[in-house]
1. May I ask you to list the residues in segment A:538-580 that are touching a Leu at 6+ places or on another chain (Cβ under 7 Å) and within 16 Å of A:Ser439 (Cβ to Cβ)?
2. Just to verify a result, which residue in segment A:287-299, among those that are crowded, with 21+ Cβ neighbours inside 10 Å and touching a residue at least 60 places away in the same chain (Cβ under 8 Å), is farthest from A:Ser386 (Cα to Cα)?
3. For residues in segment A:343-396 being at pLDDT below 60 and buried (at least 18 other Cβ atoms within 10 Å of the Cβ), which is farthest from the chain's Cα centre (by Cα)?
4. For segment A:177-219, name all the residues that are under 12 Å from A:Val240 (Cα atoms), at pLDDT 60 or above and part of a loop (DSSP other than H, G, I, E, B).
5. Tell me which residues, restricted to segment A:502-518, are surrounded by fewer than 19 Cβ atoms within 10 Å (Cβ to Cβ) and aliphatic (A, V, I, L, M).
6. Can you name the condition, by its number, that A:Ala87 falls short on among (1) at pLDDT below 80; (2) of a type in the set (A, V, I, L, M); (3) not in a helix (DSSP H, G or I)?
7. Scan segment A:387-401 residue by residue and report those that are under 13 Å from A:Ala308 (Cα atoms) and within 12 Å of another protein chain (Cβ to nearest Cβ).
8. Tell me which residues, restricted to segment A:547-580, are buried (at least 19 other Cβ atoms within 10 Å of the Cβ) and within 27 Å of the chain's Cα centre (by Cα).
Amino acid sequence: MKINSNSPPAGNHRLQPSDSFPFPRHLLGRLYLFGALMALEYIFCFANRGLSPGHLKIFGATTDVYGQIPLFAYLVFLGFGHSIWKAQKENILFGRIFFGIHLLCMGAVLSITLATQEGMGWLLFDTSGYIKSSLYLLGTILLALACVPPRGWIRAIRSTGLLWLYSSLAGVAGWYLGTPIRVLWTATSTAQSGLMQTGTLYAVRALLSVFIPNIFIDPASFTIGTSRYLVTIAAGCSGVEGLGLVLLFTSIWLWYYRKEYRFPQALLLIPCALGCIWVLNIVRLCALILIMNAGGSEMAGSGFHATAGWISFIIIALMFSLATQKLSWMRKISPDASCASGEPQSDGTETLPGASTQLSQDRGESPAIRAYLVPFLAILAAAFVSKAASGEFEWLYALRFFAAAIALWYFWPRLKGLDWRFGWLGPVAGVAVFLAWMSPAWFHQQPAASPMGQALAALSPAARWTWIAFRVAAAVITVPIAEELAFRGYLARRFISREFDAVSFSSLTLLSICLSSAVFGLEHMKNLMDWQHLLLGTLAGLAFSAALRWRGRMGDAVAAHAVSNLLLAAWVLGFGDWAQW
Amino acid sequence: MKSFLKYALGLLVILFTTCATAHALAFSRNPEIDPSLAISALTLLAGSLAVLKIRRNK
C-alpha cells in the first residue's frame, strides 16, 4: 500500500486487512502471548501482596518455584528460540475451552490470595496453600495448552534441541546467583554491609566536600550529611535500582535492534551507561543534601528524592539510544543518506545501496508522530521538573500548561488539518464520564483528605487564584487536546498500522480502542493496586474513543474530555474535594 | 575468538539481566517508589524513543 508521509494527520485511506493488529495465529506469536499472560497473571495475583503461589526449598534456601524460576527460564527460552520459530507460519487454533477453565482457576487463586491478604477468615480454609498452588499450576498448564496445543509444544521443543534444558538451568542460575549478587547492595546473612552502599557513601563524600567543608560521615550506618541535616543511604539509594533499570533497558534495546549493530562493539555501551547512571545517582544524593542544607527539606524529601532518579534514568536511556544511532563504529548500517549510496564507511566497510533506506523504512515511525505525541510528552516532562522542585504541593503546576501550550502552538500548522468541530455526543460523553468518575466519591460522607487544600489556603489570594486558574486551564484546554492526540490520535491508530496517520478515526477497531483505553486507564492509576482509577480511566478512554469514532472527528473526543475535566474542576472548587485533583 | 567473545558477553548480559529482573519484584515493594511516577517515566521514555525513531528519509 502506498503511503504519503506528508499527508494530513487525519487521512481518509482505508487500510488493507493485512495492516491490522491481528490476534497471534502462529507458533511464535502464541508463545509470546502465553509468556505475557503468564507474567501478567503472576503480577496481578501475587506481586506486591507479599504472597507467592508456592515455595520450595532448593539448596537450603526458600524460593518461589512457580514464579521466578519458570518465568525467567521461559524468558531465556523465548529469547534464544525466537529466530527458529519465526519461520513457522502454520495457523494454530486457540483452545477456548482450556482458556475458560484457566480463567476459573485463576479467579479462584486470586480470591484465595485476596482472602489471605484481607484476613477474611471464612475463605481461609486453604491454610497450607496447597489448593492455591495446585490451582495456579493447573491454570498455567491450561493457559499453555490454550495458547499452543500439545503438538505445537512438542514441535517448539524439538526444533530447538536442548534449549529447554539450557533455559531451565538459566532460570535456576538466575535465581540462585541472585542471592550472592544481592550482597552488592544489601546486608545478608553472609555479608554485613552492602558494597554498593559503601562505595556510594564515599563517592558522595568526595563530591560533597567540594561544596561543604565539614561533612559528617558514619560508615557503619551509611549516614552522611552536614551539621544541619543527615541522610542515610539505604540499599535502594545506593544506585542499584538505576543500574538494574539501565541494564534491562540497554540489553533489550541491543537485542531488539541487533541487526543494526556490530557485536561485541555495541556491548561496550552497556558498562558506559551503567557508569553514567551510577555517577548521576551520586550527583542526585549530593544535590539532595545540598538542598536540605539550604533549607529545602520538604522539597528534597518529597519531590526531588523520587523524581531525580527517574529523570536520570530517562536521560541515560535517551543518550544510549542516540549513541547507538550516531556512533558509526558500532553500527552495521548507517542511517545517514550517504550510506544508502554504497559509499565506503570510515572503517573501510561498505553497505549495500538502499540497505539503510529499507531498514529505516521498516523500523522508523511515521514523521506525523511528533505532532501527536510531543504535546503530551511535554506535559509529562514538565510534570517531572515541577514535581522535582516541589514538596507535597506542586506549586509549579503552571509549567505543565505552558509546556503543552508551546508544543501545541509549534505543531499547530500540522494539527489544524484535523476536524476540531464537535456535536452533541462529545459533551454528553463528557458528562457520563464525569458521573462515572465521581460515583465512588458519592458513597463517602466527607471528601478524602488532601494536602492541596491546606497548601492553597496558606497562599496569598493572588497566588491562590493564579494557581487555580492555570490548573483549570490545563485541565480543560491543554490536557484534553494533548491526551486525545496521544491516546486516540496516535496510540489507538498505531495499534492498527505503523502508518497511523493514514488510518481514519472512523475505522478504529474494537481491539485498538480497548488497548489504547487500557493504557489510558494505566496512566490514571495512583498506585499498583488502584483498580478503581484503572477501571474508571479505561471506561473514560472507551467513551472518548466512541465519541471520536462517531463521526471521525477529533473535536468530539476533545470536547468529551474537556467537559468531564471542567465538571470535575467545578466539583473540586465547589465542594473543596481536593483529593479529586 | 571474536565469535566466542560475542556469545560470552551476550550470555553474561542475559545472566545479569535475569538476576536483576529476579529481584525486580523486591524493588517494587520499596515504599519509596511511587508507581504512578514510574508509569509516567516509562511513558515519557517510550514516547521520546518513538519520536526519536522517526524515519529520516521522509
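The values are calculated or read from the model by the stated rules, or taken from the named source; none is laboratory data. Owing to the predicted nature of the structure, the values given are computational and were not obtained by experimental measurement. FYI the Cβ positions are ideal-geometry reconstructions off the backbone, even for glycines, and counts take in every protein chain you see.
1. Across segment A:538-580, the qualifying residue is only A:Gln580.
2. A:Ile289
3. Of the residues in segment A:343-396, the ones at pLDDT below 60 are A:343-363.
After this cut, where a residue has to be buried (at least 18 other Cβ atoms within 10 Å of the Cβ) as well, the list is A:351, A:356-357, A:359-360.
Values: A:Thr351: 36, A:Ser356: 30, A:Thr357: 30, A:Leu359: 26, A:Ser360: 25 Å.
Here the answer is A:Thr351.
4. A:Gly194
5. Of the residues in segment A:502-518, the ones surrounded by fewer than 19 Cβ atoms within 10 Å (Cβ to Cβ) are A:504, A:506-507, A:509-511, A:514-515, A:518.
Across segment A:502-518, the qualifying residues are A:Leu510, A:Leu511, A:Leu515, A:Ala518.
6. Of the numbered conditions (1) at pLDDT below 80; (2) of a type in the set (A, V, I, L, M); (3) not in a helix (DSSP H, G or I), the odd one out for A:Ala87 is (1).
7. A:Lys387, A:Ala388
8. Matches in segment A:547-580: A:Ala547, A:Leu548, A:Arg549, A:Met554, A:Ala557, A:Val558, A:Ala560, A:His561, A:Ala562, A:Ser564, A:Asn565, A:Leu568.
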